[in-house]
1. Using the crude model of +1 on Lys and Arg Cβ and -1 on Asp and Glu Cβ, and no other charge, please compute the dipole size for the chain relative to its Cα centre, in debye to 20.
2. Would you mind checking the tilt of helix 170-179 against the longest principal axis of the Cα atoms of the chain, expressed as 0 to 90 degrees and rounded to 10?
3. Any idea what log10 I(q)/I(0) is at q = 0.23, 0.24 Å⁻¹ for region 336-430, Debye with uniform C-alpha scatterers and no solvent?
4. Expected output is a single nm value to one decimal: the length gained when fully extending between A287 and E195, i.e. 0.36 nm times separation in residues minus the C-alpha distance. What is it?
5. Tell me, what % of the accessible area of region 364-422 is carbon and sulfur with a 1.4 angstrom probe?
6. Once the convex hull of the C-alpha atoms of region 294-398 is built, how many Å³ does it hold per residue, rounded to a whole number?
7. Express in Å², to the nearest 10, the accessible area of S210 obtained by rolling a 1.4 Å probe over the protein heavy atoms while all chains stay in place.
8. Between F402 and residues 5 or more places away or on another chain, which pairs have amide H atoms under 5 Å apart, with H built 1.01 Å from N, and which residues are they?
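The values are calculated or read from the model by the stated rules, or taken from the named source; none is laboratory data. All of these numbers come straight from a predicted model, not from anything done at the bench. Quick reminder, even Gly has a Cβ in these numbers, built from the backbone with ideal geometry, and neighbours come from all protein chains shown. When the accessible area is computed, the model is the full protein with side chains, heavy atoms only, and any ligands, DNA or RNA have been set aside. Shrake-Rupley method; radii C 1.70, N 1.55, O 1.52, S 1.80 Å.
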Amino acid sequence: MSDFNYKSRVADAILRKKLRSAGAVLIEGPKWCGKTTTSEQQAKSVSYISDPVNLNRNMILAEMDINALLEGEKPQLLDEWQVIPQLWDAVRFAVDHSRGIGQFILTGSAVPLTQDQQKKIHHTGTGRITKLRMRPMSLWESGESNGEVSLQNLFDNPGISIYSEDKHKLEDIAFLICRGGWPIATTLEKEDALETAFSYYQAVTEGDISRVDGINRSPARAKRLMRSLARHQGTQVPIAGIKADMAANDTSSLDVDTVSSYIDVLKKIFVIEDMEAWNPNLRSKAAIRCSDTRYFADPSIAVAALGASPDNLLKDLNTMGLLFETMAVRDLRTYADALSGSVSHYRDSNGLECDAIIHLRNGQYGLIEIKLGGENLIDEGAKTLNKLAAMLDTDIMKTPSFKIILTAVGNLAYKRDDGIYVVPIGCLKP
């Protein structure tokens with residue numbers, strides 16, 4: 001299947017690779033991020049499980065002859081499979097007994113949560129079904145990064161010189177933060193594009209947070225939670241701190257367990273994607289802090305939760321810096337996926353922090369500080385990177401392949417005299 005207006009995604013190549021090595025691929029991620037459209041490009045048949053026209057028929061077939069739902073040319077897309085959780089075992093069984101690869105693509109914007117749903121899944125799918133995480137579009141995917149600085153190239157050729165020009169101004173970055181990477185938003189006029197994130201936020205707080213597992217949750221409480229998370233993007237704020245934020249305007253009893261349950265649901269519908277801590281070998285005796293860093297899947301979710309606009313961000317650069325970090329992390333995660341890598345953060349007992357570390361399967365890694373821009377902030381980022389690099393025990397682990405200060409603006413991508421790269425986000429690609 002094909003779509004002539006389709007914008008290529010990093011997930012395209014990952015999906016092709018996974019279909020060559022596994023019987024089925026599960027694509028997960030927030031709704032509206034493009035899972036179905038991306039899957040349709042490689043599927044040869046499609047079953048839209050939650051299609052209202054056929055939903056009743058599909059539910060009946062699931063009870064009478066579930067294999068009828070698997071009839072179609074392969075690879076077959078089973079869109080929103082979690083509506084009929086027993087499809088998981090049916091796919092696993094079909095893959096197991098045909099011994100074929102690249103047979104099914106499953107997409108879902110939620111993990112099956114109810115006890116009834118979970119009871120209908122009896123096997124993990126290990127060895128038959130592999131996973132792929134999608135997120136809203138990175139700037140390279142949406143065409144707003146020129147892609148002249150490649151992370152793969154920096155890994156392959158440590159110390160190379162780079163040069164690129166980025167034309168984004170601060171007001172452009174503020175707009176991109178607020179618009180987010182929602183595929184539909186990238187096709188709309190600016191004023192209309194800003195509405196997509198608010199619609200998403202409304203759908204999550206007023207419907208999805210309760211509908212996903214059938215437990216009635218307060219939309220007002222969900223909004224307070226998301227507003228608190230928006231204020232703490234890029235931090236390791238504990239749940240007790242979030243509870244304190246929410247309690248100020250919560251007239252009923254509110255405990256840590258309740259806050260945790262709301263957060264867990266937001267994670268299971270892929271609204272939240274916290275970042276794990278990096279645990280390197282150090283020459284020093286600094287204790288590494290292991291708390292996760294709080295992030296939404298897209299910066300526009302935080303903007304919507306705060307009721308903000310591009311003008312608001314330009315008047316509050318501290319908040320803009322936090323939300324730019326969320327956008328940068330979204331892009332870095334997508335680019336790391338393309339390299340079969342992952343992203344984590346570093347923080348120790350001495351207060352030293354590094355915003356992002358990309359590490360690959362072969363042990364290579366790169367250190368990244370995220371800054372809005374400006375000479376003072378760049379110098380500050382350079383000090384952090386050099387200090388962390390000096391602490392690493394390179395007798396046990398590799399030296400960093402690169403050190404990058406990733407900026408919102410700055411016009412030029414270049415290598416400093418100390419070897420640190422300064423790269424505007426509008427120049428970066430996998």
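1. With Lys and Arg at +1 and Asp and Glu at -1, about 900 debye.
2. So the helix axis and the longest Cα principal axis differ by about 20 degrees.
3. -1.30, -1.38
4. Difference between extended and current length: 28.7 nm.
5. So the carbon and sulfur contribution to the accessible surface is 47 percent.
6. Spread over its residues, the Cα hull of region 294-398 gives 119 Å³ apiece.
7. Its heavy atoms expose roughly 20 Å² to the probe.
8. Hits under the 5 Å cutoff: L367.
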